[in-house]
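Scroll down for the structure; my scribbles are underneath it.
The values are calculated or read from the model by the stated rules, or taken from the named source; none is laboratory data. If you're wondering where the values come from, they're calculated on a predicted model, not measured in any experiment. Cβ coordinates were reconstructed from backbone atoms using ideal geometry, including for glycine residues, and neighbour counts include every protein chain displayed.
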Amino acid sequence: MADLVLAVFNLLPAFPMDGGRVLPSVLSSFIDRAGATRVAAGIGQFLAIVFVFLGFFYNFWLGLFVFLGAGGEAAREKLDKKG
């Protein structure tokens, strides 16, 4: 049961989890790579805010971890685009 919970959690569309890597790949079929990463990072940051809110009752650090991961991925994509 714990393995199933971890697998589902890992597939959430938020960086740095695997679902955060899959979502931009799927979105890049429809829009450019930078736009797909921006959308995926935005979704990840939204989920992180939800995690932070829930973290006030359970685990605050999880939301912070996801929020920073999504922001870092968006910043990395901006640097890759410039370079």
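Among the criteria (1) in a helix (DSSP H, G or I); (2) among the aromatic types (Phe, Trp, Tyr); (3) modelled with pLDDT of 80 or more, the one Phe30 does not fulfil is (1).
If only residues of region 33-70 that are farther than 18 Å from Met17 by Cβ and in a helix (DSSP H, G or I) are counted, the one that is modelled with the lowest pLDDT is Phe53.
When region 18-44 is limited to residues that are closer than 12 Å to Leu68 by Cα and buried (at least 20 other Cβ atoms within 10 Å of the Cβ), the one that is nearest to the chain's Cα centre (by Cα) turns out to be Gly44.
The number of residues in region 2-59 being over 18 Å from Glu73 (Cβ atoms) and of a type in the set (Gly, Ala, Ser) comes to 4.
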